[in-house]
C-alpha cells in the first residue's frame, strides 16, 4: 500500500502503538482508576462528498473520555477490524468530547477499506464499530498526465545490460499504473516499438533501473515513461547508448567458470563435433567406462585409443580434459567381471581395482588428463534410499562412517564401501597432479532430509575426515520435467534445492560442478519439441545456470553435443542445447544469456 498523507495530524510511532495495544484492563481496580470508565465512542461515518479515487474524509465522535484522557484517533486498513498495531493510523487532539474529521489521502482506487476510531485512558483502550468504504475509479477528466524527467546513463553499458537513472516528477494527480524505462533500437521508442522496463512500485521521485536482455554491440535508445489513467507519457528526448561488443560463444562469456561438454558415442572426432567443442568449451568430458564405450575384454586388455585421441586433441588446443569415469556399479562393467564362474577373492578384486585405474590413466595419457571422475553413482537411486549400490567391488568390505553428521538416525547406511576411498587413493597414486572428482546423480530433486542426499553428504564428509585425496564433487543434472513442470520450468521447486546442495558442498572446501546437464519434457519417447516447448527448454537451461552460478558453482559440464546422438541412452533425446544436426537451439542462447548476465565484463 502507498504511504498515506495526513493533514494537520500527528502520527504516533509504531512502538508507541504496540505499547497501547499490548496493555489490557486489570481485573483489580487500582486507586488511580477508581470512579473511571473506559472511553465511549460513537460511529464513524463517511463524508460522501469527499470520497474520490484516492481520498476520503471520515467523521468520528468521542462521546465520553471516562476520565483522564490519553489518546484518540483513527486506524484503517484493507482488512477488517484494523487496530492501532497497523501503520495506517493517526492520533488527533480531542481534549473534550465531540466529533472530529480526518482526511485520508494516497488511497488506492477501486479498493475497499475498513476504519475504526479508537480512544484510550488509564482504564483501557476501546474501538468504535468499523465503517467500510470503497474508493472510486479514477477519472481521467479529473487528472493530468504524469511528468517524467530525462534519462542519464549510470556507469558504462555492459554486453547485455545497462543502468539508467531518471525521475518521476508528478503522478498527475492519479495513481501511477506503471513507470520506468522504454528501450528500443529506434529513435524515440514507445511501448509499441520498444520494450518497457517497469519499476516494481512506481512512485514520484528519482529512480535507478537496469535494462537487461540486450544484444551485445548494438545501439539502443531509451526514454523514461509513466502511465496513469490519463495515459502514458515519455521523456521529451531519448538517450542513445551502445552495448559492449561480445564474443557470442559460451567459453567467451564464462568468466572464471569451467564450461564443457561430453564427447559423443561412438568416440570419434569429426568436423561438426570438433567445431562445437573448440568454439564453445574450455573443458571436454571424455567417457572411459567399459560397457559399450571402450573394450575391456579381459583383465589387462583395454582399447582407449579413441579416448586418448580426444585427450591429445584437447591438449593441442589448450583445453582441459576429464576422464569420466574410473569406478562405478555393475551396470557399466562387462559380464565376465560382474558374473564370474568362480567368485573373485578379495585379493583378486583389490588387484583388479588398482590395475583398472592404473591402466586407464596410463592408456589415456597419464598426466595429460587434467581431471578424473574417480567414482560415479555409488549411492542408490531407487526409492531414494540412503544406501550404496551393490557391485563387483562390494566384497572389498566396508568401514564405519566418520562424517559426524548424525544422518544414521534417518536410516542412512552406517557403513561405507571401502572401494570408494581406495579408488581415490589409487587414482592419486597414478595421477598425482590431476583433480579427482566424486560424482553422483539426482540432487536436483532431493531434499535435505532425503536419504540419498544425506548418504552423499555423509560420504563426502567421511572421505574428507579419512584424508581421502578428493578435490571436487559433481552433481549429475539430467532433468526430466514432465508436461506440467515443463509448462513453467523457471518456477519448479527443484532450483532452490539445487542451490542448497551446491552451497552445502561448497562449505566443505571442495570444488563443485554440475555434470551431465540436459533438460527436456520427457526422455522416454520420440520427441519433437514445439516452438513453445523450445522456449520453455531455453528458460529451464537459463534458470539452471543462473541458480548454479548464484550458489557458487565452479563448472558446468553439459551432456551430449546434439539431440539423439547417444544410441544407448535416450536415443530419442531432445534434451540438448543443439539439435540433431548440431545447430544451436534456443536452449543454447538461454545458457549464453545467463553467462553474460552473471559475467557482464568481457575481461
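The values are calculated or read from the model by the stated rules, or taken from the named source; none is laboratory data. Everything numeric in this text was worked out from a predicted model, so none of it was measured. Cβ coordinates were reconstructed from backbone atoms using ideal geometry, including for glycine residues, and neighbour counts include every protein chain displayed.
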| query | (1) outside any strand (DSSP E or B); (2) surrounded by fewer than 14 Cβ atoms within 10 Å (Cβ to Cβ): which one isn't true of residue 176, the others all being true? | reply | (2)
| note | Only unsatisfied item for residue 85, checking (1) under 20 Å from residue 41 (Cβ atoms); (2) in contact with a strand residue (DSSP E or B) (Cβ under 7 Å, 6 or more places away or on another chain); (3) assigned to a loop (DSSP other than H, G, I, E, B); (4) touching a residue at least 60 places away in the same chain (Cβ under 8 Å), is (2)
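Okay, residues lined up against (1) closer than 16 Å to residue 134 by Cα; (2) modelled with pLDDT of 95 or more; (3) surrounded by 15 or more Cβ atoms within 10 Å (Cβ to Cβ):
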| residue | (1), (2), (3) |
| --- | --- |
| 33 | no, no, yes |
| 43 | no, yes, no |
| 57 | yes, yes, yes |
| 93 | no, no, no |
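Looking at the range 417-430, can you tell me whether even one residue there is part of a loop (DSSP other than H, G, I, E, B) and either in the same structural domain as residue 511 (by TED's automatic domain parsing) or at pLDDT below 80 (or both)? Step through it out loud before you land on a result.
Let us first name the residues in the range 417-430 that are part of a loop (DSSP other than H, G, I, E, B), namely none.
So far as the range 417-430 goes, no, none of its residues is part of a loop (DSSP other than H, G, I, E, B) and either in the same structural domain as residue 511 (by TED's automatic domain parsing) or at pLDDT below 80 (or both).
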| request: Check residue 220 against each of (1) farther than 23 Å from residue 183 by Cα; (2) part of a strand (DSSP E or B) and name the one condition it does not meet. | output: (1)
| field | Scope the range 271-297; condition in a strand (DSSP E or B) and out of contact with any helix residue (DSSP H, G or I) (no Cβ under 7 Å at 6 or more places or on another chain); matching residues | value | 283, 285, 287, 295, 296, 297
| request: Of the numbered conditions (1) touching a strand residue (DSSP E or B) at 6+ places or on another chain (Cβ under 7 Å); (2) within 30 Å of residue 75 (Cα to Cα), residue 142 fails exactly one; give the number of that condition. | output: (1)
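Of the residues 450, 471, 440, only one is closer than 19 Å to residue 258 by Cβ and modelled with pLDDT under 95; which?
Working: 450 fails: closer than 19 Å to residue 258 by Cβ; 471 fails: modelled with pLDDT under 95.
Every option except 440 fails the conditions.
Looking at the range 90-115, which of its residues are more than 26 Å from residue 174 (Cα to Cα) and outside any loop (DSSP other than H, G, I, E, B)? Give the derivation first.
Residues of the range 90-115 that are more than 26 Å from residue 174 (Cα to Cα), as a first pass: 91-100.
Matches in the range 90-115: 91, 92, 98, 99, 100.
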| query | Which residues, counting only those in the range 551-572, are at pLDDT 90 or above and closer than 22 Å to residue 486 by Cβ? | reply | 556, 558
| Does residue 123 fit the bill of being out of contact with any strand residue (DSSP E or B) (no Cβ under 6 Å at 6 or more places or on another chain) and within 30 Å of residue 71 (Cα to Cα)? | yes
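Filter the range 476-487 for residues that are exposed (fewer than 13 other Cβ atoms within 10 Å of the Cβ) and in contact (Cβ under 8 Å) with a residue 40 or more places away in the chain and give the result. Talk me through it step by step, then tell me what you get.
Initially, the range 476-487 is screened for residues exposed (fewer than 13 other Cβ atoms within 10 Å of the Cβ), giving 482-484.
The answer is 482, and nothing else.
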| field | Residues within the range 318-334 that are over 34 Å from the mean Cα position of the chain (by Cα) and modelled with pLDDT of 95 or more, tallied | value | 0
| Only one of (1) in contact with a helix residue (DSSP H, G or I) (Cβ under 6 Å, 6 or more places away or on another chain); (2) modelled with pLDDT under 95 is not met by residue 406, so which one is it? | (1)
| query | From the residues in the range 573-603 that are out of contact with any strand residue (DSSP E or B) (no Cβ under 9 Å at 6 or more places or on another chain) and at pLDDT below 85, which one is nearest to residue 476 (Cα to Cα)? | reply | 600
| Can you list the strands (runs of 3 or more DSSP E) found entirely within the range 306-410 that contain at least 1 residues being crowded, with 17+ Cβ neighbours inside 10 Å, in contact with a strand residue (DSSP E or B) (Cβ under 6 Å, 6 or more places away or on another chain) and touching a residue at least 40 places away in the same chain (Cβ under 8 Å)? | 320-327, 371-376
| request: Could you grab me the full set of residues in the range 37-96 that are more than 48 Å from the chain's Cα centre (by Cα) and within 30 Å of residue 141 (Cα to Cα)? | output: 45, 47, 48, 49, 59
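Report yes if residue 158 is within 30 Å of residue 89 (Cα to Cα), in the same structural domain as residue 210 (by TED's automatic domain parsing), modelled with pLDDT under 95 and touching a helix residue (DSSP H, G or I) at 6+ places or on another chain (Cβ under 9 Å), otherwise no.
Working: within 30 Å of residue 89 (Cα to Cα): no; in the same structural domain as residue 210 (by TED's automatic domain parsing): yes; modelled with pLDDT under 95: yes; touching a helix residue (DSSP H, G or I) at 6+ places or on another chain (Cβ under 9 Å): yes.
It is false that residue 158 is within 30 Å of residue 89 (Cα to Cα), in the same structural domain as residue 210 (by TED's automatic domain parsing), modelled with pLDDT under 95 and touching a helix residue (DSSP H, G or I) at 6+ places or on another chain (Cβ under 9 Å).
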| task | State all residues of the range 150-170 that are crowded, with 22+ Cβ neighbours inside 10 Å and not in a strand (DSSP E or B); if no residue qualifies, say none. | result | 151, 159, 160
